[in-house]
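Trainee: I am attaching a structure below and will ask some questions about it afterwards.
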Amino acid sequence: MKLASLKSADPKNRDGRLVVVSNDLHWFTDAFLIAPTLQAALDSWERCEPELRGLAESLAHDAVPKGRFHERDALSPLPRAYQWADGSAYVNHVQLVRRARGAEMPESFWTDPLMYQGGSDSMLAPRDPIPLADVSWGCDLEAEVAVITGDVRQGASREEALAAVRLVVLVNDVSLRNLIPAELAKGFGFVQSKPASALSPVAVTPDALGAAWRDGKLHRPLLVELNGREFGRADAGQDMTFDFGTLIAHLARTRSVGAGSIIGSGTVSNRGPDGGPGRPVSEGGVGYSCIAEVRTVETILRGGAETPFLQHGDRVRIEMRDEAGHSIFGAIEQTVSHVPVSGEGGARGGEAGVGG
């Protein structure tokens, strides 16, 4: 089953309207008689889920009114979420970044997940521009997989936590790399360096992913393009040290987790065939899911970073396809747009429309 939140004509409606989307992403039908929003459905999942599945079946058989589904009309499935907690399940990525700056990685990183809480009060729509006031902040994309949970009790086991996964989505977890060191040095974590993230147009139930969803991981290449060129196709199920059950249980160790929480995998990252740093797609590798990693590899191999972070006007595309080549979640397509900061003049402020 595939679900989406469509934009509303009412400017006061921040959460969109819940729709069921056909498996081929061509059609949708309204689900308002079951639940007005995705969060409402998650809050009453035991009642809503079978009714939504019945609606999806009716849509597949042309037994209900339907409309053409356009990804540009979609908000993020959860336009604002009760929680966005991002893990770092691909320890290879962490190891590379630390190696580039000459820092040892503690052995505990292989057994105890890293996780931070990001801002979830306003998730970017999958076609929204990435607002960037200052390119010196080092804006980076981060292509990830994430899950949306039901309620999870405090102290839940990995198996209980995994059973609470309701939906799977893709994420562009935008990072401002050059702001991170100063924030971490304060010893209190990310705030300004982690602006709003964007989710894929469609959220998918684990069963609809078939054999690709197993062991709490999504085993498909995550396709990343930068300015129309292939940037990465790392397999999201490969080199994932911590599965989603483990990540959710980590979060729930000391507190309950509420329905509608989004838990991210962290940047998808694959080792090279020799166990070392991966190679760019242009050199026969699977590439990367963020710019920081390619800069890290450049530093390790050639002594310095060469690839710039995102600039105004740069275009990012993140997608995942099934074995037949069909899009599973729809695509995140964003352009970096200049947003003026307080005190800037009107002439420069005109750039705010870039990529809109």
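Trainee: On the basis of being open to solvent by less than 10 Å² (accessible area, probe 1.4 Å), closer than 19 Å to Glu142 by Cβ and in a helix (DSSP H, G or I), does Leu222 make the cut? Before you say what the answer is, go through the steps one by one.
Mentor: Working: open to solvent by less than 10 Å² (accessible area, probe 1.4 Å): yes; closer than 19 Å to Glu142 by Cβ: yes; in a helix (DSSP H, G or I): no.
When the stated conditions are applied, Leu222 does not pass them.
Trainee: Given Ser5, Ser58, Ser76, which one is of a type in the set (S, T, N, Q), over 24 Å from Gln117 (Cα atoms) and modelled with pLDDT of 95 or more?
Mentor: On the way: Ser5 fails: over 24 Å from Gln117 (Cα atoms); Ser76 fails: over 24 Å from Gln117 (Cα atoms).
Just a single option satisfies the conditions, and that option is Ser58.
Trainee: Follow-up. Please go through (1) over 18 Å from Ala9 (Cα atoms); (2) touching a residue at least 60 places away in the same chain (Cβ under 8 Å) for Pro79 and return the number of the only condition it doesn't satisfy.
Mentor: (1)
Trainee: For the stretch 1-40, which positions are in a strand (DSSP E or B), aliphatic (A, V, I, L, M) and surrounded by fewer than 23 Cβ atoms within 10 Å (Cβ to Cβ)? First the steps, then the outcome.
Mentor: Here is the first cut: in the stretch 1-40, the ones in a strand (DSSP E or B) are 2-6, 17-21, 27-30.
Then keep just the ones that are aliphatic (A, V, I, L, M); that gives 3-4, 6, 18-21.
Residue satisfying the conditions is Leu6 alone.
Trainee: Part of a loop (DSSP other than H, G, I, E, B), among the small types (Gly, Ala, Ser) and touching a Ser or Thr at 6+ places or on another chain (Cβ under 8 Å): is that true of Ala81 in this structure?
Mentor: Criteria met by Ala81.
Trainee: For Asp43, state whether it is open to solvent by 10 Å² or more (accessible area, probe 1.4 Å) and touching a Leu at 6+ places or on another chain (Cβ under 7 Å).
Mentor: no
Trainee: Just name the residue that is surrounded by the fewest Cβ atoms within 10 Å (Cβ to Cβ) out of those in the stretch 296-322 that are within 17 Å of Gly138 (Cβ to Cβ) and acidic (Asp, Glu).
Mentor: Glu306
Trainee: Applying the selection to the stretch 258-286, what residues are outside any loop (DSSP other than H, G, I, E, B) and either surrounded by fewer than 24 Cβ atoms within 10 Å (Cβ to Cβ) or among the polar types (S, T, N, Q) (or both)? Break it down stepwise before answering.
Mentor: Of the residues in the stretch 258-286, the ones outside any loop (DSSP other than H, G, I, E, B) are 261-264, 281-283.
Once the filter is applied, which keeps residues that are outside any loop (DSSP other than H, G, I, E, B) and either surrounded by fewer than 24 Cβ atoms within 10 Å (Cβ to Cβ) or among the polar types (S, T, N, Q) (or both), the stretch 258-286 yields Ser261, Val281, Ser282, Glu283.
Trainee: So, one more: Cβ-Cβ under 7 Å, sequence separation 6+ or interchain: first residue in the stretch 313-338 and at positive phi, partner in a loop (DSSP other than H, G, I, E, B) and at pLDDT 95 or above. Which pairs?
Mentor: Listed pairs, sorted by first residue: Gly330/Leu25; Gly330/Pro126; Gly330/Ser200; Gly330/Pro201; Gly330/Val202.
Trainee: Can you name the residue in the stretch 1-55 that is among the basic types (Lys, Arg) and free of Cβ contacts under 8 Å to residues at least 12 places away in the same chain and is also farthest from Asp128 (Cα to Cα) among such residues? Give the derivation first.
Mentor: Here is the first cut: in the stretch 1-55, the ones among the basic types (Lys, Arg) are 2, 7, 12, 14, 17, 47, 53.
Subsequent filtering for residues that are free of Cβ contacts under 8 Å to residues at least 12 places away in the same chain retains 12, 47.
Values: Lys12: 18, Arg47: 33 Å.
The residue in question is Arg47.
Trainee: Considering only the stretch 42-70, state which residues are closer than 16 Å to Leu18 by Cβ, in a helix (DSSP H, G or I) and not aliphatic (A, V, I, L, M). Spell out the reasoning first.
Mentor: Our first condition is that a residue be closer than 16 Å to Leu18 by Cβ; within the stretch 42-70, this holds for 42-45, 47-56, 58-59, 64-67, 69.
Next, from what is left, pick out any that are in a helix (DSSP H, G or I): 42-43, 45, 47-56, 58-59.
Within the stretch 42-70, Asp43, Trp45, Arg47, Cys48, Glu49, Pro50, Glu51, Arg53, Gly54, Ser58 meet the criteria.
Trainee: Okay, next question. Are any residues in the stretch 159-201 under 23 Å from His70 (Cα atoms) and open to solvent by 10 Å² or more (accessible area, probe 1.4 Å), and if so, which ones?
Mentor: Result: Ala196, single match.
Trainee: Does Arg229 meet the test of being over 30 Å from His338 (Cβ atoms) and open to solvent by 20 Å² or more (accessible area, probe 1.4 Å)?
Mentor: no
A quick yes/no check of all residues on (1) under 25 Å from Ser22 (Cα atoms); (2) β-branched (Val, Ile, Thr); (3) at pLDDT 95 or above:
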position	(1), (2), (3)
Glu160	no, no, yes
Leu176	no, no, yes
Phe190	no, no, no
Ser193	no, no, yes
Ala211	yes, no, yes
Glu230	no, no, yes
Ala249	no, no, yes
Ser261	yes, no, yes
Gly266	no, no, yes
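Trainee: Take the residues of the stretch 59-76 that are without any contact (Cβ under 8 Å) to a residue 60 or more places away in the chain and of a type in the set (D, E, K, R): which is surrounded by the most Cβ atoms within 10 Å (Cβ to Cβ)?
Mentor: So in the stretch 59-76, the residues without any contact (Cβ under 8 Å) to a residue 60 or more places away in the chain come out as 59-68, 70, 72.
Next, from what is left, pick out any that are of a type in the set (D, E, K, R): 62, 66, 68, 72.
Numbers: Asp62: 9, Lys66: 18, Arg68: 8, Arg72: 11.
Applying the filter and picking the extreme gives Lys66.
The values are calculated or read from the model by the stated rules, or taken from the named source; none is laboratory data. The model shown is predicted, which means the values in this text are computed figures rather than measured ones. Cβ atoms come from the backbone with ideal geometry, glycine included; neighbour counts cover every protein chain shown. Just so you know, the surface numbers come from the protein's heavy atoms only, side chains and all, with ligands and any DNA or RNA stripped out. Shrake-Rupley method; radii C 1.70, N 1.55, O 1.52, S 1.80 Å.
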